[in-house]
1. Can you give me the accessible area per residue for the chain, using a 1.4 Å probe, in Å²?
2. Working from Cα positions, state the angle (0 to 90°, nearest 10) between the long axis of helix 440-452 and the longest principal axis of the chain.
3. By how many degrees, between 0 and 90 and to the nearest 10, does the Cα long axis of helix 470-486 differ from the longest principal axis of the chain?
4. Using a 10 Å cut-off on Cβ atoms, rank the peptides 649-655, 329-335 from the highest mean neighbour count down.
5. What is the Cα centroid distance between the stretch 667-720 and the stretch 215-261, reported in whole angstrom?
6. Excluding same-chain pairs closer than 8 in sequence, count the lysine pairs in the chain whose Cα atoms lie under 20 Å apart.
7. Taking the stretch 556-603 as the region of interest, what is the percent of Cα-Cα pairs per 10 angstrom bin, listed from the shortest bin to the one with the maximum distance?
8. FRET efficiency for T194 and T96, Cβ-Cβ distance as r, R0 = 30 Å, nearest 0.05?
Amino acid sequence: MSAPPPTGDLAQPSRGSSFASRVATLLVGRRMQLVVLAALLTGLGVWQSRRLEFSKSIDAMFDRSDPALVPYARMTRTFGSNEAVLAAYDDPELFTTAGIRRLRGVAAELAGVPGVASTTSLASTPLGESIVDLDRGLTSGWARRLVSLLEGYVVGPDHRTAAVVCVLEPLPTSTATQREQAVSRAGTIDELRTRMAALPAGTIAGEPAMLRDGFDMLQRDGNLLGTGSGLLAGGVLLLCFRSLRWLVVPLAVVLFALWTTRGLLAAAGLKLTMVSTMLSAMVTVVGIGTVTHVIVEFRRLRGLGHAPDDALRTAFTTLFWPVAGAIATDVIGFGSLVASAVGPVHDFGIMTSVGAVMVLVAAGLVVPFLALAGRFDADPQMAWGEGTLERGLQALVRRIVSHPLPILAAVTALTVACTAGMSRLTVETDFTKNFRESSPTVKAYDMVEARLGGAGVWDVLVPAVEPIDDDQLDAIDHLADRLRKEVAIPGPDGTPAPALTKVMSIADVLSAAPLLPRKGQALIVNAMLRQEGNDQPAFVRSLVGRDPRDGGTWLRVMLRARERQPAAAKQSIIDQVRRIATEEYPTAATRPGAEVTGFFVLLAQLVDRLLADQWLTFLIAAVGIFVLLAVAFRSPLVAAIALVPNGLPIFVVLGLLGWIGEPINMGTAMIAAVSMGLSVDSSIHYIAAFRRRLAEGTHAAALEAAHQTAGRAMIFSTLALAIGFLALTTSGFMPTVSFGWLSALTLLGGLAGNLVVLPVLLALAAPWIRGGSPTA
């Protein structure tokens, strides 16, 4: 019995087979030189990858051309560093001489931490000098106004929660000092956290702290999860093939591909981002999936009596075009993410595409030497229970051939029922949900939300004309008043409740100041505006400023809202604020309109963009893969058939998410395009095996041959990949967790589709596939 003839393309024998044969002969014959080259490239990749950095800025999550960044950049330019850490603690005696003295000491201590530009607290106000004891009552009117102004900002409504706003020094623009500054910024936040941990209920919160915690977690996860994925998938391969050699081979391919990919990314100046922790796992699963098909074919040929060299050469020849096609579909699936306007997703598409290409290079450089070096444990073995698997696959084929239409009808009904849930999908805009509930980040935000009112920080920017006059102060005061009264969401009892926990403008600050008549406030603001830089009072710098780019003057209304609330409520609040701001300050020919921006707004828009981009990238992936397969198989019909069993699981899984009410996050939003690129690999190998056998016999015999060769390999590889993806579920970053378990589910769904739906469609379309028409 001999092996089936090698094929030239993904379809059937052609002139391309001679090219594949020559490549296979070269790889096997030059294996010693190739493995030396692989070692050199790996070493170079390891050395180069030391320069690979994390991008740790919120605006790096967006495309530079994204209009959402325009007002955010203006706010940063006009009002200085927008990165602030809120340090809070509990003090039952806050409004006493001792309490204010302690607060002043805490603020001074935090101000002395390297990297902190300035601090603001209750001790910075006149109350810090003229102590008011709440036990005796706030007898002074201005004191009552000032405490009311600062509630929810630097003091809690309970009058025992004290907060110090620590504004951090801005990050440098010079790339030469970015790494050093990143280390310094992390050290600043760690030092602030250490200082606050010594105080009762002491904690810190805010964008810089959250990002620092997130990226620190991702950096720890990166290599750990890649290693975990490799070990889990390797364990499956060890059980399937019972061979240490054939465990080492795929892991060596993964290591080469991973280190060379990281080296190339560093050389190209790319930076790791918030979703890049999944890069190692993605390279791992692509590498193991590719090598598994080689192992199964090599084992089959060795069982037929081929010598090791000849078996590997023939396996390479047979699988050359299917493997190349599978890697190409991976690149298309991953590469479709480049169309995303979300920075981390865009960059992840580039990184994983490079990784997939390097897997192909690794397979050619590493596999021949490791497969043929020495005779120890040379051949992969049969898995325990593989005989039962073989009989099960045979029975499945018989049932498919006998009842194709009922099977197809049942699959269609199940898919429609599940897919209906997609209309119920929601997006997760609470950034704290990216962390586990037990994490210090979430606990800190819970404390701030419960005791200071709201951790969602954002702003309304209002254009002004110098000199500032009373009319402009009245206008911004009117805007702030409308925001307090009109922005509402349904409360627990269904009645409208205020949605903004804090609204503060320059007019509010001036009105709370002692002995400052209303008519003189504009003069005070203009006098302070004429001062430069740090000579300006802190409240002026934070609420009134000039844009250095165009010299325009802007007033700022600082807002706070609860971060931890449903996406629909959050979007409703943002829409209401935008509507009111536009009504009060419409865009005119002579001046810009009001702008709503801030971390709260950017993150809400980020996930909305992810949801929209998911379908754009999926469409690009599906169209790209269809075109590739239509050309490779020389049949648009076969290309369409290949997409169906791999697309259905994606819609089923996303529909189930809608039915169970699981929101979409950054990890979920990438699943469609990535899974399409990964799972269609198995379809390519299956169809190639089917068409090789179809040329020699009936479609039933062709299906059985495909099930026993490509089908068996896809079972082993999919199990390895799905279990490997489960390593991602141990991450502390919830989008990584979501991506891991959803990828495992969609790959298992793709396996079921390729073992059931794909054979059904091939059986029904066999007359057209065989001869190009139903009568051929």
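The values are calculated or read from the model by the stated rules, or taken from the named source; none is laboratory data. The structure displayed is predicted, hence computed values, not measured ones. Neighbour counts run over all protein chains shown; Cβ positions are idealised from the backbone, glycine included. Quick note on the areas: whole protein, heavy atoms, side chains included, nothing else; ligands and nucleic acids left out. Shrake-Rupley method; radii C 1.70, N 1.55, O 1.52, S 1.80 Å.
1. Values: 30390 Å² over 776 residues.
Computed with neighbouring chains in place, this is 39 Å² per residue.
2. 30 degrees
3. Tilt of helix 470-486: around 60 degrees.
4. 329-335, 649-655
5. With the stretch 667-720 and the stretch 215-261 each reduced to a Cα centre, they are spaced 23 Å.
6. 7
7. 23, 52, 21, 4
8. Here the calculated transfer efficiency is 0.65.
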